[in-house]
Each structure stands twice: as C-alpha cells, then as structure tokens.
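Trainee: Sharing a structure with you now.
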Amino acid sequence: MQIGAKLLVLQPRDRTVLEKLALLRLLDRRQIEQFAGFHSVSRANVRLARLRHAGLIVRFFTATETGSRRSVYALTKRGTAEIQKPHVPIKWRPDSILLGNSFASHQLALSDIYIAAATGHEIRWRAFSAPPAPSIPIIPDAGVETSTQSFFVEMDMGTEQAKVWDRKVELYLKLAIFGAFREIVPHPQFAVLVVTDSEERMNFLRRVIAKQTPKLFWFQTLSTIKRQGFWSASWLRPEDSALSPPGG
C-alpha cells in the first residue's frame, strides 16, 4: 500500500488493529496497545499514524476523566475493504472533538469489557444492530460466548430511567421463558451481565431488577472488571450478596 513515496506493508499486528476496530467500532490508544502487543506509547503512536495516513483508520478526540485529550480510532471504508468486512460508517469529521458524545463513551466502555473478557480466554464477541430474536424486541449491547456459557451484555451509563430497565427485564425474561434464545445462542441457557459506571448505579439497578426476578441477571462495575478481570468471582445477583464468577 502506497503512502506518498513510501510503501506501507501491513504487519499481522496492523491487521489485528483493523479486525478489532471492525468488531468494536471505536478504540483508544490504550486499548489498542493492550491487544496489539505494542510495548511503548511512542511505537503505538507511530504505527497508528501510518495506518491513519494510509487512509485505513480515522482519528477523533475525547476527554479523559482528568480533562486531558484522548485519541480514539475507527475504521475507514478503505480499512474495512482491506480486511474484507462490511463498512459501518461513523459520521464524524476526522480529528473532531467528541465532547459529551454518549455513543463514543458507550462504545469505548464496551471495548474495555471485550478486552477484559478476551484476556486469557477464547470468546466469541457479538455486536447487535437488530433484535437477535425477531419475536422479542430487545437489542443487547453485546453478546459473549465461550465453549460452555452464553451471555448478553448491557453496559449502563446511568442515563436510562427505571421504567426503561423494567421493560428490558420483561423482554429478557420472555427471551428466556419462551425459548426464543435457542435460535441465537449455542447453549441451553444464558445470563445477562449488567455493567455500570458506579457502585451506586449498580445497586440501584439491582433493586429495580429484583422486583421482577432474582435470577438471570448479574452485576458489576466497569472499574472492578478492569481492575479484577471479567472472569473473577466479583459479580453480584439482584438479591444475593455472595460474589461469584459471571453466570455462577
């Protein structure tokens, strides 16, 4: 691939970056470093700049919790063509600043969950743009499958009211009770993993969901997942205070 007078030879690590962006849509540099094996910030920045100048990825900026600027990346149409994936456009101008962009925050949080779930485990990560079971109008944020377990993931950013969650719980229960999930997951049962941005929010949702069911749902904060790992015995049920791995 020609970049001005230079030829960019895509390395396996470059293709990993493109493949993960196709799967997750948005990644920041720290996330890319984690799964692509970059051993220094400067090396990651140089390689990402080359991919960007080749027209394979595009950069945007968000703010970190401390107020500093953070680079985030997405695939371009050329990038998806390079790895033969369908192109899902993101309609932001290159190098634009995404202040208060809830979609970007949500996608980056899901990317953190994916990285934690994939660390040391073989998983299948699924993204949904429509209800996976057409008869039940629920669209999970993501799906995680291992050889023995199936999960739907809900990344809660603290913006949805209790009545929205009441409806989600109702639909997930229908999915479980009427067996429609058998059309979409390879295992005889599933669990719903609810990840929140704070313990206060997690405990609020536990109380909301416990009014309908003590089963099916498991809860954890994103910060705990990043600190202790996705598969650690740190998940809570709606009512029980005992800590368990996801799914029990």
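The values are calculated or read from the model by the stated rules, or taken from the named source; none is laboratory data. Being a predicted model, the structure only gives us computed values, none of them experimental. Cβ sites come from the backbone with ideal geometry, for glycine too, and all protein chains shown count toward neighbours. What goes into the accessible areas is simple: the full protein's heavy atoms, side chains included, and nothing from ligands, DNA or RNA. Shrake-Rupley method; radii C 1.70, N 1.55, O 1.52, S 1.80 Å.
Trainee: Between region 225-247 and region 126-205, how far is it from one alpha carbon centroid to the other, in angstrom?
Mentor: Comparing the Cα centres of region 225-247 and region 126-205, I get a distance of 16 Å.
Trainee: Here's a follow-up. Using amide H atoms built 1.01 Å from N in the peptide plane, name the residues 5+ places from Ala142, or on other chains, whose amide H lies under 5 Å from its own.
Mentor: For Ala142, the qualifying residues are Val153.
Trainee: Sorted by mean Cβ packing within 10 Å, highest first, what order do the peptides 64-70, 216-222, 99-105, 79-85 take?
Mentor: 216-222, 79-85, 99-105, 64-70
Trainee: Still on this structure, please answer the following. Helix 162-177 against the longest principal axis of the chain: what's the angle in degrees, Cα atoms only, rounded to the nearest 10?
Mentor: 80
Trainee: Oh, and also: Which value at 222 nm does the chain reach when only helices count, each DSSP H run of 4 or more adding -39,500 (n - 2.57), with the total divided by all residues and rounded to the nearest 500 deg cm²/dmol?
Mentor: -11500 deg cm²/dmol
Trainee: Do you know the relative contact order of region 160-248, to the nearest whole percent, from alpha carbon pairs under 8 angstrom that are 6+ apart? Present the calculation step by step, with values, prior to reporting the outcome.
Mentor: Details: 108 pairs, mean separation 22.6, N = 89.
The normalised contact order for region 160-248 reaches 25 percent.
Trainee: Answer rounded, prolate or oblate for region 99-185, using the Cα gyration tensor with square roots of eigenvalues a ≥ b ≥ c: rounded when a/c is under 1.5, else prolate when a/b is larger than b/c, else oblate.
Mentor: It comes out oblate by the Cα gyration axes.
Trainee: So, for the chain, what is the accessible surface per residue at a probe of 1.4 Å, expressed in square angstrom? Could the numbers behind the result be given before it?
Mentor: Working: 12840 Å² over 248 residues.
For the chain, the per-residue accessible area is 52 Å².
Trainee: Right, next: Expressed as a rounded percentage, what relative contact order does the chain have, with Cα pairs under 8 Å and six or more residues apart?
Mentor: With pairs under 8 Å counted, the relative contact order is 13 percent.
Trainee: If the chain between Phe61 and Gln212 were fully stretched, how many nm would it gain, using 0.36 nm times the residue separation less the Cα-Cα distance?
Mentor: 50.3 nm is the gain from fully extending Phe61 to Gln212.
Trainee: Compute the Cα gyration tensor for region 1-121, then decide on rounded, prolate or oblate, letting a ≥ b ≥ c be the square roots of its eigenvalues: rounded whenever a/c is under 1.5, prolate when a/b is larger than b/c in the other cases, and oblate in all that remain. Please report the intermediate quantities before stating the final value.
Mentor: Numbers: a/c = 1.40, a/b = 1.25, b/c = 1.12.
Rounded, because the longest to shortest axis ratio a/c is under 1.5.
Trainee: Round to the nearest 0.05 the FRET efficiency obtained for Asn45 and Glu199 when R0 = 30 Å and r is the Cβ-Cβ distance.
Mentor: 0.30
Trainee: How much accessible surface does Glu199 have with a 1.4 Å probe, in Å² rounded to 10?
Mentor: Looks like 120 Å² after rounding.
Trainee: Rounded to a whole number, what % of the accessible area of region 57-106 do carbon and sulfur atoms account for, probe 1.4 Å?
Mentor: 50
Trainee: Starting from the amide H of Ser150, placed 1.01 Å from N in the peptide plane, find each other amide H under 5 Å away whose residue is 5 or more places distant or on another chain.
Mentor: Ala191
Trainee: May I pose another question? Counting only protein heavy atoms and a 1.4 Å probe, tell me what percentage of region 126-230's accessible area is made up of carbon and sulfur.
Mentor: Taking all protein chains in place, region 126-230 shows 51 percent carbon and sulfur surface.
Trainee: In debye, nearest 20: dipole of region 40-186 around its Cα centre with unit charges on the Cβ of K, R (+) and D, E (-)? Please list the in-between numbers first.
Mentor: Values: 19 positive and 13 negative charges, 167 e Å.
So the magnitude is around 800 debye.
Trainee: Let me ask something else. Could you work out how far helix 199-210 tilts from the main Cα principal axis of the chain, as a 0 to 90 degree angle to the nearest 10?
Mentor: The angle comes out at about 40 degrees.
Trainee: Let me ask something else. On C-alpha positions alone, give me the angle between the axis of helix 12-24 and the longest principal axis of the chain, in degrees, nearest 10.
Mentor: With rounding to tens, the tilt is 40 degrees.
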